[in-house]
Amino acid sequence: MKRHITLGEFIIENQKDFPYAKGELSALLSSIRLAGKMVNQEINKAGLANIIGAVGLENVQGEDQQKLDVLANDMFISTLKNRGEICGIASEEMEDFISFNESIHSDAKYVVLIDPLDGSSNIDVNVSVGTIFSIYRRVSPIGTPATLEDFLQPGNKQVAAGYLIYGTSTMLVFSTGNGVNGFTFDPGIGSFFLSHPHMRVKEGGKIYSINEGNYVHMPEGVKRYLKWCQELDPATNRPLTSRYIGSLVADFHRNLLKGGIYIYPQGTTAPKGKLRLLYECNPMALLIEQAGGKASDGKNRILDIDPSELHERVPFFCGSTEMVEMAEDFIAKFG
Ligand code: AHM
Ligand code: MG
């Protein structure tokens, strides 16, 4: 009989391969699992209860913040704070990071960065959204308040990263730098089960994902690459297929399973693109590399960028290696 492995069992069985403090990272991943279950329950009720719609606030990027963004942010912060494994957290929904300074945090060695509810404009139309997380070892001394430097580390220093996707099924996909594994939530039992072991991004992908409505604003290299994707050439399987949900987690997840490229380029109205380096691009870049793919800003490896601010944006090209390299070739040639 096939053995069904829960996320809890997987974490315990694999913690020998975790970098650094093993038990603490396991506890931290367990608290992300718990917060994810709580957020999942709220999202499933979103169409029922009168809790969707704008709450009348804007987040730090000046975008409409919806009630579930606030809830998800609060749930992740309080769950992670209560377990005592992190000394601070930064979130898309908060201008500054928070430092946790109670006695249970005095040994804490990690910081977390999250996008608690990515793609939130999709909630009120019942389309998949997600939570993205990134975990680092702190660089400031243990037992002191967290500092900005703890959060402004390049992505290649991530200890673990992953996402929850609240879709037709809810899944948790993560990496501790030793491959990527996906777990599907069974709502009847209340547990995540290993459903996608050793995920690898499919080579020879056929999908490109980009908001083509921004075409007029895009750099020439991206415009030419899109036209190349649309050309007829049976020998190279072209034209490719266009798929764009507008939830990074959902677009990334589909491309990871089927093979493809996700692009959010810079444009004349957004000189550094839209997506945030620290809690959107870095975690996805770690996952795609661990799955055999590639992530760049069109020229440089995402994971090697030295961040200078918490909410920094960066152009993002991510997916099957040969597709990202083809897009980079066009950028190198046409800018
Ligand atoms: P958000 O974090 O405010 O939800 O914004 C990020 C989202 C991504 O999930 C998605 O890929 C992108 O914004 C869509 O942007 P656009 O509507 O400009 O295509
Ligand atoms: Mg987001």
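The values are calculated or read from the model by the stated rules, or taken from the named source; none is laboratory data. Small disclaimer: the values here were computed from a predicted structure and weren't measured. Counting neighbours? That spans all protein chains shown, and the Cβs are built from the backbone with ideal geometry, glycine included.
For the stretch 2-38, the set of residues classified as part of a helix (DSSP H, G or I) and of a type in the set (Lys, Arg) consists of 16, 22, 33, 37, listed by residue number. Note on the stretch 302-334: residues that are surrounded by fewer than 20 Cβ atoms within 10 Å (Cβ to Cβ), more than 19 Å from residue 132 (Cβ to Cβ) and either without any contact (Cβ under 8 Å) to a residue 12 or more places away in the chain or not acidic (Asp, Glu) (or both) total 7. Considering the conditions (1) surrounded by 15 or more Cβ atoms within 10 Å (Cβ to Cβ); (2) more than 16 Å from ligand 1 (Cβ to nearest atom); (3) of a type in the set (D, E, K, R), residue 69 is excluded by exactly one of them, (2).
So which residues in the stretch 187-213 are within 16 Å of ligand 2 (Cβ to nearest atom) and either buried (at least 18 other Cβ atoms within 10 Å of the Cβ) or outside the structural domain of residue 243 (by TED's automatic domain parsing) (or both), if there are any at all?
Within the stretch 187-213, just 209 meets the criteria.
Of all residues in the stretch 243-260, those satisfying the criterion of being within 13 Å of ligand 1 (Cβ to nearest atom) and either part of a strand (DSSP E or B) or of a type in the set (Val, Ile, Thr) (or both) are 245, 249.
Residue count for the stretch 94-122, restricted to those that are surrounded by fewer than 23 Cβ atoms within 10 Å (Cβ to Cβ) and either under 16 Å from residue 311 (Cα atoms) or within 16 Å of ligand 1 (Cβ to nearest atom) (or both): 8.
Assessment of the stretch 292-307 against the conditions (in a strand (DSSP E or B) and in contact with a Lys or Arg (Cβ under 6 Å, 6 or more places away or on another chain)) yields no matching residue.
Out of all the residues in the stretch 232-271, which are of a type in the set (Lys, Arg), surrounded by 15 or more Cβ atoms within 10 Å (Cβ to Cβ) and farther than 14 Å from residue 293 by Cα?
Result: 243, single match.
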